[in-house]
Amino acid sequence: MSTPTIAAAPPAKVETGILAGTASTMLRFKMDAPLPPQLAAQSRVTGRIVQITAHDAAEVETILGVLRQAGCQPEDLEIGRADLEDVFLEIMNGPPRSPLQKVAA
């Protein structure tokens, strides 16, 4: 009598090495008003264009909540994947700073 074979599930994708702690989501929008202090330190601003990295959906919600509470009205909001330049800048700027930590403080 032969034993049945069980197909193994594919291994879960695990990020290791240099990209393990980098954000995968980028919020981009235009805004005339200054950013709230909780977000200014982790944002890249070029003229009216603001770019903020986030690690997950909860962090995106927190960023949008901070903007709303500060009375900011972002225009042309885009939420997309971080590109290679964004990841490089995050790595070069040191450990990521989470708005969740800053808002809670």
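Each reported figure results from applying straightforward, stated rules to the coordinates on display, with no laboratory input. Keep in mind that this is a model prediction, so the values were computed, not measured. No Cβ is skipped: glycine too gets one built from the backbone with ideal geometry, and neighbour counts run over all protein chains shown.
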### Task
May I ask you to list the residues in the stretch 53-73 that are free of Cβ contacts under 8 Å to residues at least 40 places away in the same chain and charged (D, E, K, R)?
Asp56, Glu61, Arg68
### Query
For the stretch 32-47, which residues satisfy the criterion of being under 20 Å from Arg81 (Cα atoms) and outside any helix (DSSP H, G or I)?
Gln42, Ser43, Arg44, Val45, Thr46
### Task
Those residues that are of a type outside the set (Gly, Ala, Ser), in a helix (DSSP H, G or I) and more than 14 Å from Ser43 (Cβ to Cβ), I need them from the stretch 63-83; list them, please.
Arg68, Gln69
#### Entry: Long-range neighbours under 9 Å by Cβ, at least six apart or interchain, first residue surrounded by 12 or more Cβ atoms within 10 Å (Cβ to Cβ) within the stretch 26-52, second among the basic types (Lys, Arg) and part of a helix (DSSP H, G or I)
Gln38/Lys102; Leu39/Lys102; Gln42/Lys102
